[in-house]
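The values are calculated or read from the model by the stated rules, or taken from the named source; none is laboratory data. The structure displayed is predicted, hence computed values, not measured ones. Quick reminder, even Gly has a Cβ in these numbers, built from the backbone with ideal geometry, and neighbours come from all protein chains shown.
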Amino acid sequence: MYWVYVIENLSGMFYVGQTDDLDARLANHNRTDKTAGKFTRKHGPWQLVWSEAHPTRVSAMARERQIKAMTSARWIRANLLDGRVPTRWDLHPSHLAQFFRRETGLSPSDYRQQR
């Protein structure tokens, strides 16, 4: 079994990859030594936020390329994560009312009136 995966760090950056051992690959991304893999080690720690199983490496690599071709944090959140992973920017005071409305269907003042 092969996996396409998306990992996210604390600042909301995403990394898209594929592997045949998801647990080992995530552990490798979170290593702190100075050997290969500079991007994920420099920007970690990472947590798995999405994965998809594939029967062959060829299909996993094709899906990885498809996702990377569309890569933007907004596209990943909207299409792969169903918008469920807010970032610090999403929770910025100027965006809180919009985020709250999207999640609950109510404005903050309507919510307060219902309570």
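Filtering the stretch 52-92 to residues that are among the polar types (S, T, N, Q), at pLDDT 85 or above and part of a loop (DSSP other than H, G, I, E, B) leaves only Thr56. Taken together, the residues in the stretch 1-36 that are free of Cβ contacts under 8 Å to residues at least 24 places away in the same chain, assigned to a loop (DSSP other than H, G, I, E, B) and surrounded by 13 or more Cβ atoms within 10 Å (Cβ to Cβ) amount to 2.
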